[in-house]
Amino acid sequence: MRRAMIAGNWKMHKTTREARALAQELTSRIPRDAVEVVLCPPFTSLLTVSESIDGTGIELGAQNVFWEPKGAFTGEIAVDMLVDAGCRFVIVGHSERRQYFGETDETVNRRVKAALAGNLQPIICVGETLAERDAGETDQVVVRQIRGAYEGLTTNEAGKTVVAYEPVWAIGTGRASNGPDANNVCGRIRSTLAALFNPELADSVRILYGGSVKPQNMDEFASQEHIDGALVGGASLEADSFTGIIEATRKVKVRE
Ligand code: PGA
């Protein structure tokens, strides 16, 4: 059984004061239960959010990490610094990093390895652009990204990862994928992991859907065989919509 996960990617939003207010509201409204909830604020709010969620069962994640442990790398953040701030997870290879900041399958792989070596669990993002989808290359692109990200990992390391399938055309556009289509790609991701490692490993890795997830469409994704939750952008910035997504997930995934 894979534990459902809802991760909120706050992207470049919220001052520390705003972050604290949202985190405190979420802690009072999110029940401690079978759905694992992860908040990924900007670096400047990690400590504040960490303090607000302490002891609640809600987990903290960062939005990126550099692979070197320390040194002259202006503007970068190391694994140990994120762990020190209370992070258990880190988003790696988000399409915005690939699109605007030159992230490649190789640099994603370096970040994944560094995170795992330092006890941070990477949430590895993959997904095709609209042009790639229109060209019928979705599976090919996603399989290439998965192979790249997991290159050189042991089965034990792969077992600590989470995948987020986020079609680029669905991110921030209000145009979500649909359950069956997203499930097909997530199934393809799972079979790729089975081929790279083994079927048991593939069966245990959580695969999230991301891209314009809302409370209204979450049950469509959560009810798919290969989808174990969501990576949420815009709708994670407000307590009502984020708790609505968690609630919709719980209804589908948690049997009382
Ligand atoms: P969105 O973003 O929910 O705003 O589409 C998702 C993401 O980028 O993780």
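Derivation of every value follows stated rules applied to the coordinates shown; laboratory data play no part. For clarity, every value in this text was computed on a predicted model and none was experimentally measured. Every residue, glycine among them, receives a Cβ derived from its backbone with ideal geometry; neighbour counts consider all protein chains shown.
One way to sum up the overall shape of the range 77-118 is the equivalent ellipsoid from its Cα gyration tensor, whose semi-axes run 20, 11, 7 Å, largest first. Which whole DSSP H helices in the chain pass both tests: a Cα extent of 30 Å or more along the axis and a mean Kyte-Doolittle value no lower than 1.0? Once both thresholds are applied, nothing remains.
When its C-alpha radius of gyration is set against 2.2 N^0.38 Å (N residues), the range 122-169 gives a value of 1.23.
Per-residue Cβ neighbour counts within 10 Å put 73, 89 in the sequence 73, 89, beginning with the fewest. An ellipsoid equivalent to the range 169-228, defined through the eigenvalues of its Cα gyration tensor, has semi-axes of 24, 11, 8 Å when rounded to whole angstrom and sorted largest first.
A helix-only calculation puts the chain at -13000 deg cm²/dmol for mean residue ellipticity at 222 nm, using -39500 (n - 2.57) for each DSSP H run of at least four residues, averaged over all residues. Which residue, 80, 181, 228, tops the fluctuation ranking in a GNM of the chain built on C-alpha contacts under 10 Å? Greatest mean-square fluctuation among the candidates belongs to 181.
For the range 27-95, applying the loop criterion from DSSP together with a ceiling of 16 other beta carbons within 10 Å to the GluC sites (Glu not before Pro) yields 76. Taking only the alpha carbons of the range 120-256, we obtain Rg and Dmax values of 14.6, 44 Å in that order. Basic side chains Lys and Arg get +1 at the Cβ, acidic Asp and Glu get -1 at the Cβ, and with that the dipole of the chain about its Cα centre reaches some 220 debye. The lysines within cross-link reach of residue 160, meaning a Cα-to-Cα straight distance under 16 Å and a gap of 8 or more places when in the same chain, are 113. Grab every C-alpha pair in the range 70-148, bin the distances at 10 angstrom width from 0 up to the longest one, and report whole percents. With 10 Å bins starting at 0, P(r) equals 18, 45, 26, 10, 1. Enclosing the Cα atoms of the range 88-192 in their convex hull gives a volume equal to 105 cubic angstrom per residue.
With Cα atoms as the point set, the radius of gyration and Dmax of the range 13-163 evaluate to 16.4, 48 Å.
Over the chain, Cα pairs under 8 Å with separation of 6+ residues give a relative contact order of 20 percent.
If neighbour count is taken as other Cβ atoms inside 10 Å, put 249, 48, 56 in order from fewest to most.
Going from least to most buried by this count: 56, 48, 249.
Taking every alpha-carbon pair within the range 7-69, the share separated by more than 16 Å comes to 40 percent. With the convex hull constructed from alpha-carbon coordinates only, the chain shows a mean projected area of 12.7 nm² over all directions.
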